[in-house]
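Just below is one structure, and these are the notes that go with it.
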Amino acid sequence: MTTPSTTKTMARLEARVNPKIKSLLQKAADLEGLTLTDFVIASAQVAAIATIQKHQTLKLSLEDSEAFVDALLNPPLPNQALLAAAVRYQQTIN
């Protein structure tokens with residue numbers, strides 16, 4: 001029986017799969033010593049974390065990373081447009 005505090009902390013997720021996929025998942029869960037639900041949740045969580053990390057990680061080639069570091073260490077001098085924008089900004093906040 002669920003208590004009111006448990007129902008607030010849990011969310012329901014349902015999926016319909018064909019019998020072959022369910023059988024495959026059940027076999028994997030059995031081999032891991034997990035329930036089908038625990039196996040599916042753990043597998044989905046691992047996949048979700050990997051997907052998020054893959055999309056949040058910026059990977060640069062060696063040439064690009066060297067150009068990035070060079071730009072940080074040796075920034076270019078501000079051009080006329082940037083200088084004009086700085087003057088407008090100062091006038092706006094004053």
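Worth a mention:
- Boolean, Asp70 is over 30 Å from Ile21 (Cβ atoms) and either β-branched (Val, Ile, Thr) or out of contact with any His (no Cβ under 7 Å at 6 or more places or on another chain) (or both): yes
- Residues (surrounded by 10 or more Cβ atoms within 10 Å (Cβ to Cβ) and within 14 Å of the chain's Cα centre (by Cα)) located in the range 36-59: Ala44, Gln45, Val46, Ala47, Ala48, Ile49, Ala50, Thr51, Ile52
- Glu32 meets the stated requirement of being at pLDDT 95 or above, touching a helix residue (DSSP H, G or I) at 6+ places or on another chain (Cβ under 7 Å) and open to solvent by 90 Å² or more (accessible area, probe 1.4 Å).
- Taking the range 16-29 as the range and being in contact with a helix residue (DSSP H, G or I) (Cβ under 9 Å, 6 or more places away or on another chain) and open to solvent by less than 90 Å² (accessible area, probe 1.4 Å) as the test, the residues that pass are Val17, Leu25, Gln26, Ala28, Ala29.
The values are calculated or read from the model by the stated rules, or taken from the named source; none is laboratory data. This structure is a prediction, so every number in the text was calculated from the model and none was measured. Because the Cβ atoms are built from the backbone with ideal geometry, glycine has one as well, and the counts that use them run over all protein chains shown. Each accessible area value is taken on the protein alone, full model and side chains, heavy atoms only, with ligands, DNA and RNA left out. Shrake-Rupley method; radii C 1.70, N 1.55, O 1.52, S 1.80 Å.
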